[in-house]
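Note sheet for the following structure.
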Amino acid sequence: MAENEVSPRGPASGATDASSGPKFARFIKAAAALGILIMLILLGAALTAALTAAETWAPLIQILRDVLLMILIMESILVIAAFAILMLQAAGFLIMLKTEVKPILDNARETTRLSKATAQFINSNAVDPLIQIKSFLSGLLAFLRELIRIRNLVASEEPRADQYDEPKTP
């Protein structure tokens, strides 16, 4: 394949999508892993400091504790806000279901009912009479065929005039 041609699977660069969705998800995962790593390092350092020289590190540990409590409070506020947004989105979705999807379903039910009525009308006014006509004509054709066959049989059994002639003697 030439370099300037585009493969049917996508661009030649190997990117799966032009949007930054996968890159953004990878960035979020890396940031979360880095945050957890920093927290574990700080926790280990605080634990080591508290076990070795508690009197000298006590003010720093108290500051670290207060900072971590503030971070947890901010995180709690973010979780509560995210939950509120989720509830608003769910309410909007339910309203959309009630106002938009229900009329669509009602319209689909009406269409189904009308198509059923149309099929019944066509069946009773077009298909059934055609079937009856075809059945009658098939029966009539079979009757005529049998009548012709009987006439041929009867005609073949009647004596012909040349049968009663005297036999010729040589």
* To do: Mind listing whichever residues of region 74-92 are under 30 Å from the mean Cα position of the chain (by Cα) and either under 18 Å from Ile36 (Cβ atoms) or small (Gly, Ala, Ser) (or both)?
  => Ala82, Ala90, Ala91, Gly92
* Is it fair to say Leu60 is assigned by TED's automatic domain parsing to the domain that holds Ile36, among the hydrophobic types (A, V, I, L, M, F, W, C) and surrounded by 11 or more Cβ atoms within 10 Å (Cβ to Cβ)? -> no
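Among the hydrophobic types (A, V, I, L, M, F, W, C), free of Cβ contacts under 8 Å to residues at least 12 places away in the same chain and assigned to a helix (DSSP H, G or I): does that describe Ala46?
In short, no.
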* Asked: Could you say whether any residue in region 60-73 is at pLDDT 85 or above and within 38 Å of the chain's Cα centre (by Cα)?
  -> no
* Go through the residues of region 9-26 one by one and say whether even a single one is surrounded by 10 or more Cβ atoms within 10 Å (Cβ to Cβ), under 36 Å from the mean Cα position of the chain (by Cα) and modelled with pLDDT of 90 or more. => yes
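The values are calculated or read from the model by the stated rules, or taken from the named source; none is laboratory data. Bear in mind the structure is a predicted one, so any value in this text is a computation, not a measurement. Cβ: placed from backbone, ideal geometry, glycine included. Neighbour counts: every protein chain shown.
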